[in-house]
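The values are calculated or read from the model by the stated rules, or taken from the named source; none is laboratory data. No experiment lies behind these values; they were computed from the predicted model shown. Methodologically, a virtual Cβ is constructed for each residue, glycine included, from the backbone with ideal geometry; neighbour enumeration extends over all protein chains shown. Ligands, DNA and RNA are excluded from the accessible area calculation, which covers all protein heavy atoms including side chains. Shrake-Rupley method; radii C 1.70, N 1.55, O 1.52, S 1.80 Å.
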Amino acid sequence: RSLVDFCVRRSVPVTLLMWTLLIGGTIALLTMRREFFPETAPQAARIVLVYPGASPKEIEESMARKIEDRVVDVEGVDRIETRLSEGTGGITVKLRAGTDADKALEDIRLAIEQITDLPPEAERVRVFDFQPNFPTIMITVASDAGEDYIKRELRVIRDDLKSLEGMGTLVEIGLRPREIHVD
């Protein structure tokens, strides 16, 4: 016996199944949440360290390690990534999937506020929720006409896009900064 044979001989259950799927699909289509830019909860926190004039090693020893040691014990923390440079640094705290991000951010702030031996010259440590930035449009410009021409045309495109209402952030990647060489 085949499926076709069953469907022909038992038309009532097959018809009921078909109507159930059609009605269920219609209800799902009408009640489904649709968004152009879906709302996403941040699954990371960004900690900004500012210590004017300090080397990366000084920032690591006097601030970053202390903060990492406190934050690693916060519930929901999955991974910590630290990047330091002259006078500043950033710590990205990745959260496990399913973690309540608002509660985790508040716990991270509280853990950092409990640190009492940060350098007095350093600015106040700031904690932000890490907002994902999804590119909507990506434009690639290439030409054999030369770099100056490409930069000029990109400025025109950038200015046109900025003039549009509701335009978000524009990010330019791959352009070399202008250099002046003196011989």
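Worth pointing out:
- Residues in the range 43-68 that are in a helix (DSSP H, G or I), closer than 14 Å to T88 by Cβ and open to solvent by 10 Å² or more (accessible area, probe 1.4 Å): P56, K57, E58, E60, S62.
- Residue ID - modelled with the lowest pLDDT, chosen from residues in the range 29-53 that are under 30 Å from G166 (Cβ atoms) and of a type in the set (V, I, T): T40
- When D107 is tested against (1) open to solvent by 30 Å² or more (accessible area, probe 1.4 Å); (2) part of a loop (DSSP other than H, G, I, E, B), only condition (2) is not met.
- Failed criterion for D160 (all others in (1) open to solvent by 90 Å² or more (accessible area, probe 1.4 Å); (2) within 30 Å of R70 (Cβ to Cβ); (3) at pLDDT 85 or above hold): (2)
- When V125, V72, V156 are screened for being in contact with a helix residue (DSSP H, G or I) (Cβ under 7 Å, 6 or more places away or on another chain) and either of a type in the set (V, I, T) or more than 17 Å from V48 (Cβ to Cβ) (or both), only V125 passes.
- Here T82 clears all of (1) polar (S, T, N, Q); (2) in contact with a helix residue (DSSP H, G or I) (Cβ under 6 Å, 6 or more places away or on another chain); (3) open to solvent by 70 Å² or more (accessible area, probe 1.4 Å) except the condition numbered (3).
- The requirement of being within 24 Å of V77 (Cβ to Cβ) and either touching a His at 6+ places or on another chain (Cβ under 8 Å) or at pLDDT below 80 (or both) is fulfilled somewhere in the range 117-130, by at least one residue.
- Any pair with Cβ under 6 angstrom, 6 or more apart, that starts in the range 86-110 at a residue that is without any contact (Cβ under 8 Å) to a residue 24 or more places away in the chain and ends at one that is part of a strand (DSSP E or B) and of a type outside the set (D, E, K, R): R109/V127
- For beta carbons closer than 8 Å, sequence separation of 6+ or different chains, a first residue in the range 54-70 that is farther than 14 Å from V125 by Cβ and a second that is modelled with pLDDT under 90 and open to solvent by 90 Å² or more (accessible area, probe 1.4 Å), the qualifying pairs are S55/E86; P56/E86.
- Pairs linking a residue in the range 9-38 that is in a loop (DSSP other than H, G, I, E, B) to a residue that is at pLDDT below 95, with Cβ atoms under 9 Å and 6 or more positions apart or on different chains, are F36/T136; F37/F134; F37/T136; P38/F134.
- Within the range 1-28, the residues that satisfy the criterion of being at pLDDT 90 or above and aliphatic (A, V, I, L, M) are V12, V14, L16, L17, M18, L21, L22, I23, I27, A28.
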